[in-house]
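Every read-out reported here was derived from the displayed coordinates using simple, explicitly stated rules and does not represent laboratory data. This is a predicted model, so every value here is computed, not measured. Using ideal geometry, Cβ is built from the backbone for each residue, glycine included, and neighbour counts are taken over all protein chains shown.
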Amino acid sequence: MKLEGKAVLVTGASRGLGEALMETFARKGARVVGVSRNADEMEAVASRLRARGYEAHALAADVGDKEAIHPLVGAASALVGTIDVLVHNASTLGPTPLPLLLDTACEDLGQVLEVNLVGPFRLTKAIAGAMVLRGGGVVVHVTSDAAVSAYPRWGAYGVSKVALEHLGRIWAAELEGTGVRFLNVDPGEMDTVMHRDAIPEADPSTLARPRDVAARLVTLVESVEAHPSGARVDAARVEVGRPEAA
C-alpha cells in the first residue's frame, strides 16, 4: 500500500506510540489526523509536524464516548477526505496500581471495555462502510501480549485486548473479498507513560522506543497484502522496509 496522499486516522495520538505513528505516516506523505482527549497536547503534536512541512491535523475526542464518534469521523473526513487507514491506538489500563480482579469495580471494567473495545467497534463501524464502497482500506488494532498471556492484575486490560483481537478477526471474516483488511499488531513493551503507570519499576533501557515500533507498524500497513486479513503480528518480528512473510 502506497501511503503518499492517503488519509490516515490515529487515535491516542498525543504521545507515545500514537505520536510516533503520526510522524511516521506523515513522513511517508500521508495526510494524518490525530485524536486525543487532550486537545492542547494533540494540537502541539500536529503543529510540530506542520512546521516541518507535513499535513497533520488534531482533533479532541474521547473514543470511549458514543456521542463523540460520528462528529469525530465527520471532522476527520472534512480535513483529509475519506479515511484510508484507521489505527486504533487509544487505550486505557483502568485504575493504577493495577488491581486484582476481585478488587476491580464493575464500573472500572466497563470503562476499560468502552475505550479499548467498544470505541474501536463504533469507530470502525462508522468508517469501514466507505472503505467497502471504495474497495479498499486498512484497519489496525494495537493489541498486547496481555491478550495471549494471563498476567495477574492485568484482568480488565487483558480481557479488552483479547476481545479487540477477536473483533478484528470477525471483521476480517465478514468483510472478506471487499478489499478492506484488518491487522492485530502487538507492539511489545515500550518506554511510554502507560507502561510506567503499569510497571513503574521497569528499566526503560530494556523497552522498545515508540518511534522504532511505529516504523515497524507502518511497514506492516505498507505490506498489508502479505498478511491474512485479521492476522496477529508481533511488531518485533517486522524488518523495517521489508514486508514480513505471511
Whole-number percent relative contact order across the chain, with pairs defined as alpha carbons under 8 Å at least 6 apart: 19 percent
Would you please give the residues with an amide H less than 5 Å from that of Val139, counting only those at least 5 places away or on a separate chain, with H modeled from the backbone geometry? Leu86, Arg181, Phe182, Leu183
Within the set of other residues whose C-beta is less than 10 Å from the C-beta of Ser229, count the net charge using Lys and Arg as +1 and Asp and Glu as -1. 0
To the nearest 20 debye, what charge dipole does segment 1-145 have about its Cα centre, counting +1 at the Cβ of each Lys and Arg and -1 at the Cβ of each Asp and Glu? 820 debye
Where a ≥ b ≥ c are root eigenvalues of the Cα gyration tensor, a/c under 1.5 meaning rounded, otherwise prolate if a/b exceeds b/c and oblate otherwise, segment 1-124 counts as prolate
Using the Cα centre of the chain as the reference point, and only Cβ charges (+1 on K/R, -1 on D/E), how large is the resulting charge dipole? Debye, rounded to the nearest 20. 800 debye
Per-pair calculated FRET efficiency, R0 = 45 Å: Glu201 and Arg50 via Cβ, rounded to 0.05: 0.75
Please report the relative contact order for segment 176-246, taking Cα pairs under 8 Å with a sequence separation of at least 6, and give it as a percent rounded to a whole number. 42 percent
Listed peptides 103-112, 78-87 by packing density, highest first (mean Cβ within 10 Å): 78-87, 103-112
Please give every one of the aspartates and glutamates within straight-line cross-link reach of Lys66, meaning a C-alpha to C-alpha distance under 16 Å, and leave out same-chain neighbours fewer than 8 residues apart. Glu114
Pick the calculated Rg and Dmax of the Cα atoms in Å for this structure from (i) 16.8, 51; (ii) 20.4, 78; (iii) 17.7, 55? (i)
Partner aspartates and glutamates for Lys28 [C-alpha distance under 12 Å; skip if fewer than 8 residues away on the same chain]: Glu4, Glu55, Glu222
Give the residue from Val45, Ala26, Ala58 lying farthest towards the positive end of the charge dipole for segment 1-59; charges sit on Cβ (+1 for Lys and Arg, -1 for Asp and Glu) and the dipole is referred to the Cα centre. Ala26
By per-residue mean of other Cβ atoms within 10 Å, what is the highest-first order of 156-164, 63-71? 156-164, 63-71
